[in-house]
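The values are calculated or read from the model by the stated rules, or taken from the named source; none is laboratory data. Here the structure is a predicted model, which means the values were calculated and not measured. So basically every Cβ, Gly included, is an ideal-geometry build from the backbone, and we count neighbours across all protein chains shown.
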Amino acid sequence: MKNVYGDFSRYYDMLGWNLFAGICAERLKEFFKLRGEKPETALNLACGTGELEKLLRKTGIEFTGVDASPGMLREARKKCPEARFVKADAADVRLNRKFDMVLFLFDSANHMYSLPHLSRVFKNSRRHLKKGGYFIFDINTPIGLKAWEETQVRRARNFTVITMGIYNEEEMMAEVIIEAFIKEGRSYRRMVQLLTEKTYETQDIIEALVKAKLDKIVITSFDPSEEIEDAGRLWFVCS
Ligand SMILES: C[S@@+](CC[C@H](N)C(=O)[O-])C[C@H]1O[C@@H](n2cnc3c(N)ncnc32)[C@H](O)[C@@H]1O
């Protein structure tokens, strides 16, 4: 992993990057309610700052979070001391136990910069999944990453953030520079973070899932108002 989520991890929640976990938490609650199922254990790969663990605390689900970034894990442990957090690559971690669900959320799949790496995460997810359990993840599509090609300025009471992105169609990779000015006392602290994401053809993702024996696959557009072929982000539920 490139040196991301170092300094950025301290500001991740403050800059609103934790909000996506809120949408996922509601979606997961709804999903299990509709099925009349109550998962007891969850493995959250690339768990970030532990927001999902915090939001689903009341469900009683026992969480294990895995992330490659010590900074993100530091935040997660502070926020959710009752969960277990492990520093590891999502593709390599071996916990020697199985879970009712394995999650890999909010662009985490886009942080796997090659198909073999993403495939190893799929195989590892299957390894940690109980029979009848669910592996759930989202991924930005080429349409989603192409939409990064713009400059945005966001001002809030205690920070200003400028984001400038670019998409390389051939490599199916996007890069965004995030420059944040965070108010600290009477001055601003400047933070710069370069973030790279990669996307894949849906057919390649499906083939990799099937190879990992995650062959019951339901794909929907993350945003229900988008047709699946125009989706900027896809939501996968596999078992
Ligand atoms: C956009 S964040 C998403 C975090 C969290 N899932 C959320 O919903 O906020 C992507 C996360 O992937 C982690 N990450 C990137 N590559 C990883 C890898 N190979 N193994 C484990 N974690 C990784 C980063 O440290 C970061 O916390």
Going by what's in this entry, would Leu73 be described as assigned to a helix (DSSP H, G or I), in contact with a strand residue (DSSP E or B) (Cβ under 8 Å, 6 or more places away or on another chain) and either in the same structural domain as Glu40 (by TED's automatic domain parsing) or within 10 Å of the ligand (Cβ to nearest atom) (or both)? yes
Could you count how many residues in the range 86-103 are surrounded by fewer than 13 Cβ atoms within 10 Å (Cβ to Cβ) and more than 10 Å from the ligand (Cβ to nearest atom)? 3
Any chance you could count how many residues in the range 32-46 are within 17 Å of Ile136 (Cα to Cα) and either of a type in the set (D, E, K, R) or free of Cβ contacts under 8 Å to residues at least 40 places away in the same chain (or both)? 7
For the range 34-64, what are the residues that are aliphatic (A, V, I, L, M), within 30 Å of Ala180 (Cβ to Cβ) and more than 9 Å from the ligand (Cβ to nearest atom)? Leu55, Leu56
Filtering the range 130-169 down to residues that are closer than 30 Å to Phe99 by Cα and among the aliphatic types (A, V, I, L, M), which residue is surrounded by the most Cβ atoms within 10 Å (Cβ to Cβ)? Ile139
Could you tell me which residue of the range 5-33 is modelled with the lowest pLDDT, considering only residues that are acidic (Asp, Glu) and more than 10 Å from the ligand (Cβ to nearest atom)? Asp7
